[in-house]
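Novice: This is the structure I have questions about; it appears just below.
The values are calculated or read from the model by the stated rules, or taken from the named source; none is laboratory data. Not measured: the values here are computed from a predicted model. Cβ placement follows ideal geometry from the backbone for every residue including glycine, while neighbour counts extend to all protein chains displayed. When the accessible area is computed, the model is the full protein with side chains, heavy atoms only, and any ligands, DNA or RNA have been set aside. Shrake-Rupley method; radii C 1.70, N 1.55, O 1.52, S 1.80 Å.
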Amino acid sequence: MKYLIVSGLLALSASVQAQRLLADQVTTKPKSTSPTASSPTVVRLYPGAAPGSEDWKQKEAENTSNMWQTRIVYNVTDPTLTIFKPTVASNGTSVVICPGGGFHALSIDSEGYEVARWLAAKGVTCFVLKYRLVASKTTDPTAELTAKNSQQMETEVTPIIKLAMADGLAAVGYVRQHAADYGLNPKRIGIIGFSAGGTVAASVMYNYTPQTRPDFGGPIYLQYEWVIKKDVPADAPPAFILAATDDQLGLAPHSVQLYTDWTKAKKPAELHLYANGGHGFGMRKNNLPSDHWIELFGTWLEKTVNSEQRTAISK
């Protein structure tokens, strides 16, 4: 998402409808194999058509030649989780990872699979979420996105955010339902997301049920005005928030606002703002301090989540 340009900001009201979509949907059983980070398993989030988009006809596809200069996934209609099991001893912690892409595409490598591989090497089980997106009329959603004005963006993206949040909630619910199958601690299930994926993660952090509550959240350079939010929940999870001050979309204040809202409600939060890094750096190597953001997240995860909630994990 390095070169994503979005005109205008969206303000969304809170919605509880999305969280109700998954009560009877998170039923997919994990496969019997034990995949490693180099051979991940993929599971569908819903047993049939995803609720709310049953009539969608577009086909999921990939593009490797685009202005973001990275592999992207677009036209997601059948949400899935790609599962990366630890390459070292599991510590019982798991993370749902939501790549970004302006709700038009998913930057699946630098904000998805590469994040999962790094965390898997630290003992974390990762679930990379492909959530539903705006339908693309061409094979290059990045070009379509940049050609849209603010009114087109508002019209097309607003209903998709609700569906993407439902997918995020379903993902957390799936992991908790199958925690024993994967050898996970059901009290150490988190969600992290980038840009639009950060919007998904933060929306989940605001709109959960006991089954779909994330135990921690990590919105990275999120678009906060797109978040479906209400009052900060009484049992809101700890938040790790990170962005770059020179974000070319002007989103650094969005991370500050989320931090302010969380701490005003007296909920635990940690905020990091790099001077340089731009938007959409993910796991890219730019020879900047922001290249090492994931090390900060790994340290926070160990200190805040693992050390405080450490329990025996059945293998």
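Novice: Return the residues of the range 109-137 that are in contact with a Lys or Arg (Cβ under 6 Å, 6 or more places away or on another chain), within 17 Å of Thr64 (Cβ to Cβ) and open to solvent by less than 10 Å² (accessible area, probe 1.4 Å); say none if nothing qualifies.
Specialist: Ser110
Novice: Right, another one. Please enumerate the residues belonging to the range 206-220 that are closer than 25 Å to Ala275 by Cα and touching a residue at least 60 places away in the same chain (Cβ under 8 Å).
Specialist: Here is the first cut: in the range 206-220, the ones closer than 25 Å to Ala275 by Cα are 217-220.
Within the range 206-220, Gly218, Ile220 qualify.
Novice: Then there's this: Could you list all residues from the range 144-157 that are open to solvent by less than 40 Å² (accessible area, probe 1.4 Å) and modelled with pLDDT of 95 or more?
Specialist: Matches in the range 144-157: Glu144, Leu145, Lys148, Val157.
Novice: Also, quick follow-up: Thr155 versus (1) of a type outside the set (Phe, Trp, Tyr); (2) assigned to a helix (DSSP H, G or I); (3) in contact with a strand residue (DSSP E or B) (Cβ under 8 Å, 6 or more places away or on another chain): which is the lone unmet condition?
Specialist: Just one mismatch for Thr155, condition (3).
Novice: Within the range 71-80, can one find any residue that is exposed (fewer than 14 other Cβ atoms within 10 Å of the Cβ) and at pLDDT 95 or above?
Specialist: No: the range 71-80 contains no residue that is exposed (fewer than 14 other Cβ atoms within 10 Å of the Cβ) and at pLDDT 95 or above.
Novice: Pairs needed: first member in the range 283-303, at pLDDT 95 or above; second member anywhere, in a helix (DSSP H, G or I) and open to solvent by 60 Å² or more (accessible area, probe 1.4 Å); C-beta distance under 8 Å; at least 6 residues apart or different chains.
Specialist: Met283/Glu114; Met283/Trp118; Ile294/Trp118; Gly298/Trp118
Novice: If I ask for residues that are β-branched (Val, Ile, Thr) and either more than 19 Å from Gly197 (Cβ to Cβ) or open to solvent by 70 Å² or more (accessible area, probe 1.4 Å) (or both), which ones from the range 234-255 would you list?
Specialist: Passing the criteria: only Thr245.
Novice: Does the range 201-210 contain any residue that is buried (at least 24 other Cβ atoms within 10 Å of the Cβ), in contact with a Pro (Cβ under 8 Å, 6 or more places away or on another chain) and not hydrophobic (A, V, I, L, M, F, W, C)?
Specialist: So far as the range 201-210 goes, no, none of its residues is buried (at least 24 other Cβ atoms within 10 Å of the Cβ), in contact with a Pro (Cβ under 8 Å, 6 or more places away or on another chain) and not hydrophobic (A, V, I, L, M, F, W, C).
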